[in-house]
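The values are calculated or read from the model by the stated rules, or taken from the named source; none is laboratory data. Treat the numbers as computed from the prediction; the structure is a model and nothing was measured. A quick note on method: Cβ atoms are made from the backbone with ideal geometry, for glycine too, and the neighbour counts reach across all protein chains shown.
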């Protein structure tokens, strides 16, 4: 089976280069001032169906597919030429990939690699053994129910802390345990079916009783969980503890035994990001029947590892997480499934970097990095000029804001040093076992940071990830894979690049000044550097923006949550403005006239709308509205531009144009 899969992959076509700005897709000139998303993307939407294995399709999604194709092709090339595997990361990633592609071995092993964990769960008959069992799952980053990480202290970025947080819920959102609308009831029913299937596949006795017990425990944990809006306050997710204080604040769990089993026998101070949840989990450790814990923990392990298990488990998980939640009609091709497992949602799985090394060797241009650095300089200069001109901010707060902007670090493309993965064992016929070993290795690697100074050069996102980040150390991170068309074109005119990757750069820079990011200083510490009047003025503007977005209803009866998406909306609004100002700086260096009958300013906004083009399945759109931090892509075009006079000027839109908010109602924060 492995040979057949590799042969099919070897015969796959190479990735086609992305097309430049396609003016044939544009609507009528008048449409630019009534609905700019429709003007730029309407024809594309009509001509582009959503593939059956995709929840949505758009510029980001197409580029992600291309990145995975490049990685897959690099793995295929490595099978032909093993000499390409010239680093430990590449070699281990290649072996991990082969274990995932060996469907025959996966089917033969069944649950063999999980049995040590499952046996410990089934043998749980002594409550005193529960803390060590919970810690063992935490060491594999399985939230059951505690989510554990080692991260820099939010208020002292010089040191690492253990972080305890909420997790371990199977429904998409904590509110799904309590809402009674039709969509929520559908999801709860689908989740019930999924849990029953997992129990029956694992031959776990009375699957119905176990599923009911697990759900009862989850409901109690959900009730104690913070909402997504509450978690936007960085001070609300910061509570320093010691072993003594947590015993008083969260009694019921033997915390000393838990930390000892984590490998942190003397944790010193640690952060509890969700105090009410952690207290509820500790109470459940003391009070919930052990049969309930066995059912819950078994379910969490099976759900987490289902993608690495035989087809029945993969199908069961897909029917819930793919079909029911996202509306997918079919699962991804096997190579795509394996690469997704290895990557994770943020490119932070242990061997994702090995895939990133293969990507960089195949597809990343030094020119892309150099031009990105130049654009970042222009866009930071643009934000500096805007801060200096703010009429609502006092001089001392401006000085602190400029200090933070000047100190912002850049991570572009890929890290200067690759991981060596000392001690990690990957076997070519043990997909699930490899996943468990890789996660345990990564946890130990993070625990080793405790007591060490914070390494500001470290990357936690793989270079093959199509995304960008505003890191907690006052930094912006742009993996290599996002520096590609349509976001970045090596030979394009400035307008295309500043409207594409430039707007993303502006967005990530602004995250350090959004409603949450503004509360951190120039080195990334959570500290209040705002005067009370300046903070009040900022909050008033942010509240108006939240109200604007809450007025958008992408699906009948379901509006955008303007508070839940506030940070992203602020970053979109200011990001496009400072990217546009950055373009003006670039054009002052090297003026460029109209191209194809369009000015540079017009091409900037067309490029901007192009990167946000997307179509969603209804289920996926509903899931984003209920759980996502981002507004749906259409409103990432309409919302910011409605507040931007330079857009109206570029397309000669009248004052009362449908695209624009009335001048007196337009919002500007930065």
Tally of residues being more than 19 Å from residue 172 (Cα to Cα) and exposed (fewer than 15 other Cβ atoms within 10 Å of the Cβ) across the stretch 220-239: 3
When residues of the stretch 306-320 are limited to those that are surrounded by fewer than 20 Cβ atoms within 10 Å (Cβ to Cβ) and touching a helix residue (DSSP H, G or I) at 6+ places or on another chain (Cβ under 8 Å), the one farthest from residue 53 (Cα to Cα): 310
Residues being on the phi > 0 side of the Ramachandran plot and surrounded by fewer than 23 Cβ atoms within 10 Å (Cβ to Cβ) - total across the stretch 335-382: 1
Lone qualifier among 421, 414 - being surrounded by 13 or more Cβ atoms within 10 Å (Cβ to Cβ), touching a helix residue (DSSP H, G or I) at 6+ places or on another chain (Cβ under 6 Å) and under 30 Å from residue 374 (Cβ atoms): 414
Subset tally (residues that are surrounded by fewer than 19 Cβ atoms within 10 Å (Cβ to Cβ) and at pLDDT 95 or above) for the stretch 202-219: 2
In the stretch 243-284, the residues that are touching a strand residue (DSSP E or B) at 6+ places or on another chain (Cβ under 9 Å) and part of a loop (DSSP other than H, G, I, E, B): 250, 264, 267, 268, 269, 273, 274
Any hit, the stretch 31-38, residues being more than 29 Å from the chain's Cα centre (by Cα), in a helix (DSSP H, G or I), modelled with pLDDT under 95 and more than 21 Å from residue 341 (Cβ to Cβ): yes
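So which of 90, 108, 45 ends up being assigned to a helix (DSSP H, G or I), touching a strand residue (DSSP E or B) at 6+ places or on another chain (Cβ under 7 Å) and outside the structural domain of residue 488 (by TED's automatic domain parsing)?
Working: 90 fails: touching a strand residue (DSSP E or B) at 6+ places or on another chain (Cβ under 7 Å); 108 fails: touching a strand residue (DSSP E or B) at 6+ places or on another chain (Cβ under 7 Å).
Of 90, 108, 45, the one residue that is assigned to a helix (DSSP H, G or I), touching a strand residue (DSSP E or B) at 6+ places or on another chain (Cβ under 7 Å) and outside the structural domain of residue 488 (by TED's automatic domain parsing) is 45.
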Yes/no for residue 250 being crowded, with 20+ Cβ neighbours inside 10 Å, closer than 30 Å to residue 128 by Cβ and at pLDDT below 95: no
Per-region count, the stretch 436-461, residues modelled with pLDDT under 95 and crowded, with 18+ Cβ neighbours inside 10 Å: 2
